[in-house]
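Below is one structure, written out as C-alpha cells; the observations come after it.
The values are calculated or read from the model by the stated rules, or taken from the named source; none is laboratory data. These figures come from a predicted structure and were not determined experimentally. Virtual Cβ from ideal backbone geometry, glycine too; neighbours counted across all protein chains shown.
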Amino acid sequence: MEVGPRAILFDCNGVIIDDEPVHLELFRKVLREEGVPLSRKDYFKKYLAMDDRSCFRHALLSRGKPAGPAVVRDLVARKAVYYERAIKERLRIFPGVKSFVKRHRARFALAVVSGALRREIDWILKKAGIARDFSAVISAEDTRRGKPDPEGYLKALRKLNRLPRFRKRPLRAGECLAIEDSIHGVRAAGRAGMRALAVTNSYPALALKEAGRVVKSLVGVKINV
C-alpha cells in the first residue's frame, strides 16, 4: 500500500521564485567576461538545476578553459554580486506558492533543496513571507554534488529526521514529495527514492514525464495525506 507524504521539499529557483531568466542572463554575463559563450539552448539542456559551481566548471571545461577551484569560486562570487543587485529590482514569487505553503505547513514538514546560495534562499523566503514555515534548507554550500545527484535530497531527509515530530517514527524517502521545475531536479528526487511533483515553469510537461504528477502552477494544488 502506498504511503502518503509527510514532508514536502521545494526547489527554489523556478519553483518558488521566477528567476531562471535572471540566472541565465547572469551566467552568460560572467562567462562572456571570460570569453566563454553560453546559449539559451545549452543552458536549458545542460545547466539549469546545476549549482553555480557545477555550471561554471562545466562551461569552462567545454571551451578548454581553466576550471580549478579558485577560478570557479571567483566566478560564483562575481555572479552572486550581480544577482543580489538584479533580484532586488526583479523579485517575482510564482503565483500560488505562498498560499500553497500556508495551506500545507501544519500537516507536512517543509524544506528547501536548492543549488542556490544560502543567503539567496534565505532572502527569497523572507521576502516571500514564508521563511518561518520551513524546517530545513539545503543550499549549494551543503553539497559537493548538484542535481541530478540525490545528495541534496538525502541531506534534507537526514536534517528533517532530527526534528522532534519524526523522533518516534523517522521520515522515509518514500514519504517525501519533491516539487521541481527541471529534468535534473525530478531525476535527483527519484534517485533519492522520493516522489516528485513537477511544475511547468521552465520545461514543458512532456520533458518532465518522470515526475509522478505534472501541474501548470501551484495555484489551487492540494497534497493529500
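Residues of the range 104-156 that are in contact with a Phe, Trp or Tyr (Cβ under 8 Å, 6 or more places away or on another chain) and farther than 22 Å from residue 193 by Cα: 120, 125. Can residue 59 be described as within 23 Å of residue 185 (Cβ to Cβ) and not assigned by TED's automatic domain parsing to the domain that holds residue 134? Yes: the conditions hold for residue 59. Just one of the numbered conditions (1) buried (at least 17 other Cβ atoms within 10 Å of the Cβ); (2) in contact with a strand residue (DSSP E or B) (Cβ under 9 Å, 6 or more places away or on another chain); (3) small (Gly, Ala, Ser) is not true of residue 174: (1). In the range 169-184, the residues that are under 29 Å from residue 19 (Cβ atoms) reach residues that are among the hydroxyl-bearing types (Ser, Thr, Tyr) with C-beta atoms within less than 6 angstrom, at least six apart or across chains, in these pairs: 181/202; 182/202.
In the range 102-119, of all residues being under 16 Å from the mean Cα position of the chain (by Cα) and in contact (Cβ under 8 Å) with a residue 40 or more places away in the chain, the one that is farthest from residue 15 (Cα to Cα) corresponds to 117. Taken over the range 185-209, the criterion of being of a type in the set (Val, Ile, Thr), free of Cβ contacts under 8 Å to residues at least 40 places away in the same chain and crowded, with 19+ Cβ neighbours inside 10 Å is satisfied by 186 alone.
Here is a yes/no grid of residues against (1) over 14 Å from the mean Cα position of the chain (by Cα); (2) among the small types (Gly, Ala, Ser):
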residue	(1), (2)
146	no, yes
151	no, no
157	yes, no
163	yes, no
170	yes, no
177	no, no
187	no, no
192	yes, yes
195	yes, no
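Scanning the range 45-65 for residues that are without any contact (Cβ under 8 Å) to a residue 40 or more places away in the chain and polar (S, T, N, Q) turns up just one, 62. Exactly one residue among 110, 157, 163, 208 is within 16 Å of residue 7 (Cα to Cα), touching a strand residue (DSSP E or B) at 6+ places or on another chain (Cβ under 6 Å) and not polar (S, T, N, Q), and that residue is 110.
Taking the condition outside the structural domain of residue 182 (by TED's automatic domain parsing), farther than 18 Å from residue 74 by Cβ and touching a Cys at 6+ places or on another chain (Cβ under 6 Å), does residue 47 pass? Judged against the criteria, residue 47 is a match.
Consider the range 12-29 and keep the residues that are surrounded by fewer than 21 Cβ atoms within 10 Å (Cβ to Cβ) and aliphatic (A, V, I, L, M). The one that is nearest to residue 57 (Cα to Cα) is 24.
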